[in-house]
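K.L.:
Supplied in structure tokens, the structure appears directly below.
The values are calculated or read from the model by the stated rules, or taken from the named source; none is laboratory data. Treat the numbers as computed from the prediction; the structure is a model and nothing was measured. FYI the Cβ positions are ideal-geometry reconstructions off the backbone, even for glycines, and counts take in every protein chain you see.
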Amino acid sequence: MDWERVLNFGPAEVFGLDIGSSAVKIIRLHKDDGGYAVTAAAIANIAAGKDDDDFGRDNSDLMEINTIRAIQECLEFAQIQTKLVVCSVCGPQIAVRDFRFPLLPHGEIEPAVMLEATQSCPFNVKDGAIDYQLIPVNENETSGVLVAATNAVLKNKINLLQEASLDCVMMDIDGLALLNCFNACERREAGRPTSVLNVGSSYTNLAIIGSNNWPFIRDVAYAGNDITEEIANEKNISKESVKRALFSDSAEAPVELHDSLEKACWKLTADVTKTLRYYTAQEKTTLAEKIYVCGGFALAKGFVEILNSQLPAEAVLWNPFDKLRCDTGLGHRGTMQKNALQKSGPALTVAAGLAMRSI
């Protein structure tokens, strides 16, 4: 299944924008006969504290203001002029489900998909948006994948974009963007599923693409912030101190945190392992030999090595920009963008997958 083309609005220049809970990431790509080339890239942290101008604002308003500031900082740094953006959502308010029906006439497919969504989604689909993609398997079935998201999560993301003076031309799912990026950058092993694990601050996305090209997406509400908090509580130190130790540029590994990091990862790896075993049982397939790990927390010192020791398959750090050409221009700004891709590339994976959407 080619996830690159879902909607068709005619040719247009767009960029991928991944709005997380702790950082904003932007990627713009150009595609030619040689594949994809990065033409702009930026990443900006979302400030947690207040400025003097923010006095009296509540936390939700402050988070929105700081997120918009981070978006604008990225746009300015990347020198992106277009307002057309592809964004994404994840979490418990989205669902990705496959469906298989006896062969249906065209006019009966959408009502059948809506009924399937009503029965399989963990929220009231009447308060959400639903889309689907047919994936032909044989002549006797109507089959495909449906995606549903609540109006609340979509509205929150779109409001942010509008406040930043951007026009969202497509809303995607983090897990599907991961698979989109992987398919463009890597060669999948024939006959085996491929697993991509994106560990962010608030959510961990597990995206699997089977040998039959069907996607499986699961978002886990245990990620970097939870791991950091567990370590901070055990060591009786601040979360900021934990982050400095895990993400410091110092060549010295935070040995004093290794045991605590290992303990804090068990909940995540147990959940991921359970999901992988569920998937293999449902699909009657084997485990992937490798789990490609990305996301901002994947850059924490020792994290991927711990995942490798706890998960049932080899965990490797994945930077898609090792395979993508970089054409961000000459000069100091272009050099900084290239350095960002080399250093923080795993954190920009969802943004890259979004930028690969054809509009």
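K.L.:
Quick check on this structure: which one of ALA245, ALA232 is at pLDDT below 95 and of a type in the set (Gly, Ala, Ser)? Before the answer, list the steps.
P.N.:
Values: ALA232 fails: at pLDDT below 95.
Step by step, each of ALA245, ALA232 is checked, and only ALA245 is at pLDDT below 95 and of a type in the set (Gly, Ala, Ser).
K.L.:
While we're on this one: Out of curiosity, is ALA149 within 16 Å of ASP98 (Cβ to Cβ) and either exposed (fewer than 14 other Cβ atoms within 10 Å of the Cβ) or modelled with pLDDT of 95 or more (or both)?
P.N.:
no
K.L.:
Let me ask something additional. Can you confirm whether the range 27-36 contains a residue that is modelled with pLDDT under 95 and of a type in the set (Phe, Trp, Tyr)?
P.N.:
Yes, the range 27-36 has at least one match.
K.L.:
For residues that are out of contact with any Lys or Arg (no Cβ under 8 Å at 6 or more places or on another chain), touching a residue at least 60 places away in the same chain (Cβ under 8 Å) and of a type in the set (A, V, I, L, M, F, W, C), scanning just the range 112-157, find the one that is nearest to SER21 (Cα to Cα).
P.N.:
The residue in question is VAL153.
K.L.:
Quick check on my filter: what residues within the range 339-358 are crowded, with 17+ Cβ neighbours inside 10 Å and modelled with pLDDT under 80? Before you say what the answer is, go through the steps one by one.
P.N.:
Applying the first criterion (crowded, with 17+ Cβ neighbours inside 10 Å) to the range 339-358 yields 340-341, 344-357.
Residue satisfying the conditions is ALA340 alone.
K.L.:
Of the conditions (1) farther than 17 Å from LEU246 by Cβ; (2) touching a Phe, Trp or Tyr at 6+ places or on another chain (Cβ under 8 Å); (3) in contact (Cβ under 8 Å) with a residue 60 or more places away in the chain, VAL316 fails just one. Which one is it?
P.N.:
Every listed condition holds for VAL316 apart from (3).
K.L.:
Please give the strands (runs of 3 or more DSSP E) falling wholly within the range 165-270 in which 3 or more residues are β-branched (Val, Ile, Thr) and at negative phi. Step through it out loud before you land on a result.
P.N.:
On the way: elements: 167-173, 194-199, 204-209, 215-220.
Ranges flagged: 194-199, 204-209.
K.L.:
Hey, another quick one. Could you check the range 164-215 and list, in sequence order, the residues that are among the aromatic types (Phe, Trp, Tyr) and within 24 Å of ALA129 (Cα to Cα)?
P.N.:
To start, the set of residues in the range 164-215 that are among the aromatic types (Phe, Trp, Tyr) comprises 182, 203, 214.
Scanning the range 164-215 gives TYR203, TRP214.
K.L.:
Checking the conditions here, which among GLU283, GLU314, GLU256 is within 27 Å of ILE208 (Cα to Cα), exposed (fewer than 14 other Cβ atoms within 10 Å of the Cβ) and not polar (S, T, N, Q)?
P.N.:
Values: GLU283 fails: exposed (fewer than 14 other Cβ atoms within 10 Å of the Cβ); GLU256 fails: within 27 Å of ILE208 (Cα to Cα).
Criteria check complete, one pass: GLU314.
K.L.:
Can you list the strands (runs of 3 or more DSSP E) lying wholly within the range 25-128 that have 1 or more residues being under 13 Å from VAL147 (Cα atoms) and within 22 Å of the chain's Cα centre (by Cα)?
P.N.:
Numbers: elements: 35-45, 84-89, 94-102.
Of the strands (runs of 3 or more DSSP E) lying wholly inside the range 25-128, those with at least 1 residues that are under 13 Å from VAL147 (Cα atoms) and within 22 Å of the chain's Cα centre (by Cα) span 84-89, 94-102.
K.L.:
Moving on to the next point. Going by the conditions given, is LEU311 over 16 Å from ALA44 (Cα atoms), at pLDDT 90 or above, assigned by TED's automatic domain parsing to the domain that holds ILE19 and touching a strand residue (DSSP E or B) at 6+ places or on another chain (Cβ under 7 Å)?
P.N.:
Details: over 16 Å from ALA44 (Cα atoms): yes; at pLDDT 90 or above: yes; assigned by TED's automatic domain parsing to the domain that holds ILE19: no; touching a strand residue (DSSP E or B) at 6+ places or on another chain (Cβ under 7 Å): yes.
No; evaluated as a whole, the condition is false for this residue.
K.L.:
So GLN162 clears everything in (1) touching a strand residue (DSSP E or B) at 6+ places or on another chain (Cβ under 6 Å); (2) closer than 23 Å to ILE46 by Cβ; (3) surrounded by fewer than 18 Cβ atoms within 10 Å (Cβ to Cβ); (4) not hydrophobic (A, V, I, L, M, F, W, C) except one condition, right? Which one?
P.N.:
(1)
K.L.:
List the residue pairs whose Cβ atoms are under 9 Å apart, where the first residue sits in the range 228-242 and is more than 16 Å from PHE297 (Cα to Cα) and in contact (Cβ under 8 Å) with a residue 24 or more places away in the chain, the second is of a type in the set (Val, Ile, Thr) and surrounded by 14 or more Cβ atoms within 10 Å (Cβ to Cβ), and the two are 6 or more positions apart or on different chains.
P.N.:
LYS235/VAL242
K.L.:
What pairs come up if the first residue lies in the range 62-73 and is farther than 14 Å from ILE43 by Cβ, the second is outside any helix (DSSP H, G or I) and at pLDDT below 95, and their beta carbons are under 6 Å apart, counting only those six or more places apart or on different chains?
P.N.:
ASN66/ALA47
K.L.:
Contact list please: Cβ distance under 7 Å, first residue in the range 76-95 and over 17 Å from ALA42 (Cα atoms), second residue among the basic types (Lys, Arg), pairs at least six apart or on different chains.
P.N.:
Partner pairs satisfying both residue conditions: VAL89/LYS157.
Conditions (1) surrounded by 13 or more Cβ atoms within 10 Å (Cβ to Cβ); (2) farther than 17 Å from ILE43 by Cβ; (3) of a type in the set (A, V, I, L, M, F, W, C), marked per residue:
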{"residue": "ARG277", "(1), (2), (3)": "no, yes, no"}
{"residue": "LEU287", "(1), (2), (3)": "yes, yes, yes"}
{"residue": "LEU299", "(1), (2), (3)": "yes, no, yes"}
{"residue": "ILE306", "(1), (2), (3)": "yes, yes, yes"}
{"residue": "LYS323", "(1), (2), (3)": "yes, yes, no"}
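K.L.:
If only one of GLU163, GLU116 is within 30 Å of LYS284 (Cβ to Cβ) and acidic (Asp, Glu), which one is it?
P.N.:
GLU116
K.L.:
Taking ASN180, is it assigned by TED's automatic domain parsing to the domain that holds GLN81 and either under 22 Å from CYS294 (Cβ atoms) or of a type in the set (Lys, Arg) (or both)?
P.N.:
On the way: assigned by TED's automatic domain parsing to the domain that holds GLN81: yes; either under 22 Å from CYS294 (Cβ atoms) or of a type in the set (Lys, Arg) (or both): yes.
Judged against the criteria, ASN180 is a match.
K.L.:
Something else: For residues that are at pLDDT 95 or above and either assigned by TED's automatic domain parsing to the domain that holds ALA352 or in a loop (DSSP other than H, G, I, E, B) (or both), tally how many sit in the range 273-301.
P.N.:
Final tally of qualifying residues: 2.
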